Structures are given as C-alpha cells and as structure tokens.
Amino acid sequence: MNRVANRQTPARRGPASRSTESEGLVRFRKVLDLELRRGCDDGAVIGGIDRFLSIAKQDKGVISLINAAPSLGKPYAEMTAAQRTAWLRSLLATKPSTAKTASSTRPARASGRADSGPEIVTPAPASSDPLDAPVTVVKGVKGVLQAKLAKLSVRSVRDLLYLFPNRHNDFANVRPIAELEPDEEQTALVSVWSATKVRLGRREGTQAVVGDDTGTMRVVWFNQPYLADQLKTNDRIVLAGKVTLFNRLKTMESPEWERLQSDDLTHTGRLVPVYPLTQGLSQRVLRRAVKEAVDRFSAFVREPLPADLRQRHQLLGLREALRQMHYPESAEKHEIARRRIAFEELLRVQLAVLERRLAWEEGRAPAFALDGVLEVYRSGLPFALTGAQERVLTEIVSDIQTTRPMARLLQGDVGSGKTAVAGAALVIAAFNGYQGALMAPTEILAEQHHRTLSKLIGGLALRGPSNEHRQLRVELLTGSMTARAKREVAEAVATGQIDVVVGTHALIQEGISFRRLGLAVVDEQHRFGVMQRAALRERIVDHVSSGPNPGLEADASAARPRTPHLLVMSATPIPRTLALTFFGDLDVSVIDEMPPGRLPVSTRWVGPDERAEAYGFVREQVQQGRQVFIVCPLIDESPALQTRSATQEYERLARHVFPELRLGLLHGRMAARDKEAVLQSFRRGELDILVATTVIEVGIDIPNATVMVIEGADRFGLAQMHQLRGRVGRGAGQSFCLLLSDDPSEGARARLQLLEELSDGFALAEADLRLRGPGDYFGTRQSGLPEFQAADFSDVKLIESARQEAMALLKADPGLRQPEHALLAASVAKAKRTVTGEVS
C-alpha cells in the first residue's frame, strides 16, 4: 500500500475548527491579518514578510496552506501594494491542503531508478531567486566543504558570490628577486631553500631563505613559528608584500604567502584571487567553488541601480562588477568594480538612515522661546563657555526654536564640556514648561551627570503656572535604586514635578511616563546594547504620545505625532566618514576646543623591563599628593588570555608592590552601592590608587587623579585607550598615561605608538578606523554596524556622492515606490534590519 507523507485532512475555516490548526499556522494567519490591516507596508514583523515566510515554512501547517494558495510569484518586498493586498486576501481565504504537491514539486527521478512510491514533498524555497538557494547547489559544495564555508558566513549562492578576495596574486607581473624594488608591494615566485624557528624581538617567529634563478632573499614572519614546519625545502611558493633591505640583503617581513600547486600555473597572465580561509579550507578548493558560482549564477544577478544613476556615476553593471571583483582583467578593472560595489553598499545605508531621518521629522516638537534664559544660565556658571561651546550651543538653540524635531549629534573630546552645553538646552526646555531627560548607559556615568547638572542648573529659579517661583529640580533614576525611591521619582516625573531626570535605560522602561517631555539627551549612545538602541527613539516618542502632554498637541492638519527634540552626545570622536555614513540621520556639531589651562596628557609605552621604573614613578606621584588609576582589561584571570586581571592585580599590588599605600578595587560585577562607596572614597582622597576595569572609562571626574596606568594596553583599541586617558588631565597640573604591555604584537605596537604621538581625539579616531574598520571601532561587534565588503572609509568623495544620490532619490520618489526602484527598495529594507537603532 502506497504511503503519502504528511497527508492530513484539511481543516475547515471557522471558530469551531481553528483549534485543529497548528500553533504555527494560527500565528501565521495572525501576522498576515495584521499586515493586511496595516495597509500591506511590509512592517507587521521585524525583517519583513519575505523573511517571516522563510521562517514560518518550518511549520507543516503553514507549508500546507501555502501549497494550496496561489503562488507568490516574486518576493513580497518587490510587489506593489495592490499585488500584496490581493495575495494576502487570497492566502487568508485558502484552506490548508497537502494534496496538490506530490507531482508538481517532486524532483525528477534519475534514469533507471525503480519507483518505490510517493516521495516526501520538499517545500519550495522562500525566494524564487536562484541566488538565495543554499550554497550546496554549487557543484562540488557538499558536506565538509559546506560546513567550512558556513564558518565564513557563506550559506547561500549569493554569499559565495559576495565572498570577495582579500587580494590578488599578480601572476602577470611576477618579478624575479633581482628586479624587486625596496619599499614597493610586489609578487615573487620562489623556491624555499630553508625555514627555521628564530627569536624575533621578544617572540618566536619563522625565518626562511628563498631563491630563484636570479638571487636569494630573506623572509621573516613575526609571531608565526609554526610556519617553519609548514614550509618544506624546495616548496614553490608565491610571496606578496613589501621588500626592505636588511644588512644589504633583500627581505620581506610577514608577507602573504601561498604554496603553488602544479595546475595554478594555468592562471599565469592574470590576477588570481586570494580568499579569506578557515581551518582545513585551501585556496585551491575555494577558488574552484567561487569560480563555479560566478560562471553559473552571475547571469541571475539582478541590477538594483537604475540605468540613469549608473550612467551619472559611470558605474559598471552589477554582473560585470562581480566578475571583475573575483577575476579582474587588470588592477584598474578591479578598482572600477570595487567602486561599483562600494557605491551600492554606501547608497543602501544612506537611504536607510535618511528614511529614518525623514520619519523622525514627521513628528512635531515644541518650539522653545529664549526670553533671556541663556543669559541667566551663563551668569550662574563658575566658568566661561569656550568659543566652540558657544558655536554648537547656537546650532542647538536654532534647532529647538522650531517645531521640526531636532536630531543632532554633539561630539567633543574628553573634557571638552559637552555636559555644560546640554545643560543649557535642558534649562531652555524647563523655562518653557517642558521636561528634559538625560540617559546614560551606565549608573556611574548617570550619577556623574546628575552631580554635574545639579551643580550647574539645580539652583536656577523657575516661574510656575501661577507665577510663583521655584527651584529647577534635577533627580536621578537608576535600576539599583530601591523600589520605593524609583516609584517616588517616577510619580514625580509623571506629574511634572521633576524638570530634569537623569538615569540609565530605566528611563525608557515600562511604567515611566513624562507629563511634558520636550528634550531627550542620550550620552554615549553606542554603549547601549543593540536592542536598547533600536527601542530608544520609539520609546522616547511613546513617552510623549501615550501620556498627558498639554501644550504639545498633535498637529491637526497633518496628524503629526508629538515628538521631543533629541540630542545625542559622544565623547568617542567619530571620524567624518563614519559620521556621514552611519550617523547620516543626525546633524553634527563638534566641540573642537578644550577649556583654557588644560595640558595634554603625557603618554608613554612601558615595556616589561621598565615596569619597576613605572611603579617608582607612581609612588613618587602619590607622595606628591596625587592619585592614580590602574586599569586592567579583565575582572578575573582567564586561562585563555595571557593578561592581567583587576582582582589578581589588586591583590598583587596591595601586598607586594605598594603595601604602604591605600588601594581600592572597582569593577562592573560589584553591587552599585559598593561601587559608589569605593568611588566616593577615591573622590575624597581616602584612596591613593584605584585598580579598576574599563567601568571607569566614562563618568569619572576627579581632578586630583593625574596618572593613568593601562595594563595589557595591547588589548584595547585606540578610541578606548583615549577615553581612559581622558580620566586624568582634568586639573591644572601635568598628567601622565603609562601604557603597560609585556609583549605587544606588531599591530598593537603601532596603536601604542600612535597614542604616544597624538593627543587629538579626532586624529586618533581616523587612525583607529583605518586600523580596525567600523564594526570594531567602538570596541565591540555588538555595535550594530554592517560589514562593508568593498567600501573604503578613506574615500570621502564616494561617500558624499552616495549621500547626495540618496537625498535626490528620496526627494523624487519618497519610499522608493516606483517600479524601477523596487530592487533597490528591497535591499534598503535589508540594510535597515542590519543598521540598528541610533547607529544609523
């Protein structure tokens, strides 16, 4: 008897029979019904309907419903609103069935194979695009190779096509050793004569002697002693790198290298790709798979950029660009292809952030009047604002005097006075009868802001609704406060008794509502988690729209939602190219001037043989009445990482190095009350040295602390070390930063040298971006930034061109609804899912 897999009796629609449907199918119907009620805007679920369909098809009930319904035909994101409506209504009216599919979706049988009965039906893929097919459809990609490719994040044909080479071996321009020129990037084809492990500086490495018919050359690889075992005598290898002279002998230091296979010589006369690899995957195998994908599937690549746009910017078609990225005819053709791919990557992100900006500007914010408020604020300051502070304050004031919601990024180096500028804006909001909120990522930073603002604006007199005078009220709200204290603050915020509330993410949690929120200030926003950033703007608007908010009524003619002004602050200097790309939805103001009297922090890298000298310097500074920070990269010791931890270092220093001094310990796992107690002790001068993790990176302002010692400095990025260095140098005297690193790699040494030489945060930021790329710039991959495969942040002109084109496209076609923009709109939707929250 034949057996048909997964045969079910179709369930009748209606209340009585809906209970027989699977949970997944019920949820599936609810989402589609919501999408229909939303007007088919592809926004019922995060990621869009296409992605939802691909996930939902794991449920057999959903598969049976889709199999019985009319075919989608093309991706949902590419359909018109009318097509989406028709398809959704048809699908919701369909009864689930599995009867239809056995013959129509069954794969063809191999010739001569016996028919052993009906086969299990494989559901159709979520997308009809061949590029979305699993990578296993590429010839030769199965099992083990599939698993290795997955480690490179290659799971579909599209992923393989966009796995671009790190570089190309120029077999068309291989030079003999005798013709290699110093200080140039060149390729040589040589034989290995010997390879041995040697001591190079403080670490082991590999030294090889190689040669060809014209001479010999020395090659060294730092920190890679294992290469001595991999390189065998008489191996033919390709070397690519810069040539130097060492004792008059030509030398390559840490070049890229590859063992030459016999059939690789067929590539002579062309540029051969060198791809990123994972353990157990060879260039030869990966090249074969990529070439198969390019030859077989590039014809299916659809062009998302309109013809007139490509013509304006002289861009290659996408199919040709992909071919030239892998197997370029020349270096010039490769650069033209890279520029084409890069332009599209940048355009996608620009469209995503600019659409977000347009959505923000649809709101209606309160227009604040000045009425002498700034004069009152300035007169109460214990210092005069710098010229840069006055300039950016003018920019902010210009924004908040209109009903167009401000969305501005305020940048300033450590200690440049951003809080004083934000304080002025918060005072203006309060004098106009509105509330202000300042949100920080950590309790330490929130508490520091609360102290600063309480001093700057807490004593100012406000005029109440009945012309009575009262003092401007600043309060703190954090997660570690008692339930009663939090409740009291929340009630005072809701009734409008608090003018400025400072806090952590507790400010945007459920149960907190503002009576009249007019200005939201977010500090160090990139330090919030991805999901917190994604919710930030929505929650800010919710707090305005959901509660009573007299004086900020919705615009009746345009139905504009009530929206507060938004000011985002960052003490991590953001390079101009990064600001243009990911912060394109924000206007940018920069405080590029430090308060008078501030001296640059003297910075020096300290090697392992100079550690005793560094400790002696610390002791001298303490004896002169100064205080010291010692920062470690870890809380506890890690067997996987050979670096000093805060807890072990605290014990060692207190017992063996500084037994006569007063030491304290501070790290993120301590209770909030204990952290505050340690900080207060240090602030009052009861501790000489504070051993800490990077929990002190922001929010600590202790002018008497003049020495920053960074342990394991090679494990920090430039931006983070600059932030740590900014914890000292806040007084009138000279401050110092000691970078302790026992055995830094070549790249880490370059970072430490830059920090020694540069004190300007923006110059360091540009260098850090070049060294690490945008994904790691803020010190963590959770920053929500997409990975670019071709875009180069040094190409300011291309970034600006993409931004101008994005603005023109959205002006001509808001929402990208025209048919010629359908593919581009779909790719922008994907970019929106990648670029998260405030980091836009």
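What the table shows:
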item	result
Residue in the stretch 336-343 that is open to solvent by 60 Å² or more (accessible area, probe 1.4 Å) and without any contact (Cβ under 8 Å) to a residue 12 or more places away in the chain present	no
Scan of the stretch 725-746 for residues that are open to solvent by less than 40 Å² (accessible area, probe 1.4 Å) and within 25 Å of the chain's Cα centre (by Cα), ordered by number	R725, G726, R727
Residue under evaluation P595, criteria (1) surrounded by fewer than 18 Cβ atoms within 10 Å (Cβ to Cβ); (2) farther than 25 Å from G415 by Cα; (3) touching a residue at least 60 places away in the same chain (Cβ under 8 Å), criterion not met	(2)
Within the stretch 383-494, strands (runs of 3 or more DSSP E) holding 2 or more residues that are more than 30 Å from L758 (Cβ to Cβ) and open to solvent by 50 Å² or more (accessible area, probe 1.4 Å)	461-463, 469-471
Enumeration of residues in the stretch 382-415 that are in contact with a Gly (Cβ under 9 Å, 6 or more places away or on another chain) and of a type outside the set (S, T, N, Q)	F383, L385, A388, V392, I400, R404, P405, G412, D413, V414, G415
Unmet requirement for R751, which otherwise passes all of (1) of a type in the set (K, R); (2) modelled with pLDDT under 80; (3) more than 19 Å from the chain's Cα centre (by Cα)	(2)
So R408, is it under 30 Å from R296 (Cα atoms) and modelled with pLDDT of 90 or more	no
Cross-chain or 6+ apart pairs with Cβ under 6 Å, the stretch 299-317 first and assigned to a helix (DSSP H, G or I), then hydroxyl-bearing (S, T, Y) and modelled with pLDDT under 95	none
Residues within the stretch 286-322 that are within 26 Å of K151 (Cβ to Cβ) and more than 29 Å from the chain's Cα centre (by Cα), tallied	12
Members of the stretch 202-237 found to be within 25 Å of V272 (Cα to Cα), among the basic types (K, R) and either in a strand (DSSP E or B) or open to solvent by less than 80 Å² (accessible area, probe 1.4 Å) (or both), listed by number	R218, R236
Which numbered condition S90 fails, given (1) small (G, A, S); (2) open to solvent by 50 Å² or more (accessible area, probe 1.4 Å); (3) modelled with pLDDT of 50 or more	(2)
Looking only at the stretch 675-715, and only at residues there that are of a type in the set (D, E, K, R) and in a loop (DSSP other than H, G, I, E, B), the one that is surrounded by the most Cβ atoms within 10 Å (Cβ to Cβ)	E697
Candidates L764, L769, L809, L785, filtered to the one that is at pLDDT 90 or above and buried (at least 19 other Cβ atoms within 10 Å of the Cβ)	L809
Test: residue in the stretch 716-724 that is assigned to a loop (DSSP other than H, G, I, E, B) and either among the hydroxyl-bearing types (S, T, Y) or buried (at least 23 other Cβ atoms within 10 Å of the Cβ) (or both)	yes
Unique residue being charged (D, E, K, R) and either part of a helix (DSSP H, G or I) or out of contact with any Asp or Glu (no Cβ under 9 Å at 6 or more places or on another chain) (or both) when the list is R199, R175	R199
All positions within the stretch 699-714 that are out of contact with any Asp or Glu (no Cβ under 9 Å at 6 or more places or on another chain) and of a type in the set (D, E)	D701
Residue ID - most open to solvent (accessible area, probe 1.4 Å), chosen from residues in the stretch 659-674 that are in a helix (DSSP H, G or I) and in contact (Cβ under 8 Å) with a residue 12 or more places away in the chain	R673
Test: residue in the stretch 263-271 that is hydrophobic (A, V, I, L, M, F, W, C), modelled with pLDDT of 85 or more, at negative phi and crowded, with 16+ Cβ neighbours inside 10 Å	no
Filter pass, L36 being under 28 Å from A81 (Cα atoms), modelled with pLDDT of 70 or more and open to solvent by less than 40 Å² (accessible area, probe 1.4 Å)	no
The stretch 368-416, residues that are acidic (D, E), closer than 27 Å to D760 by Cα and out of contact with any Pro (no Cβ under 9 Å at 6 or more places or on another chain)	E390, E395
Within the stretch 671-688, considering residues that are closer than 17 Å to R730 by Cα and among the hydrophobic types (A, V, I, L, M, F, W, C), the one farthest from the chain's Cα centre (by Cα)	F682
Members of the stretch 321-378 found to be more than 30 Å from A430 (Cα to Cα) and of a type in the set (D, E), listed by number	E329, E332, E335, E344, E345, E355
Failed criterion for T577 (all others in (1) of a type outside the set (A, V, I, L, M); (2) open to solvent by 10 Å² or more (accessible area, probe 1.4 Å); (3) at pLDDT below 75 hold)	(2)
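The values are calculated or read from the model by the stated rules, or taken from the named source; none is laboratory data. These numbers come from a predicted model, not from an experiment. All Cβ positions, glycine included, derive from the backbone under ideal geometry; neighbour counts span all protein chains shown. To get the accessible areas, we keep the full protein, side chains included, count just its heavy atoms, and leave off ligands, DNA and RNA. Shrake-Rupley method; radii C 1.70, N 1.55, O 1.52, S 1.80 Å.
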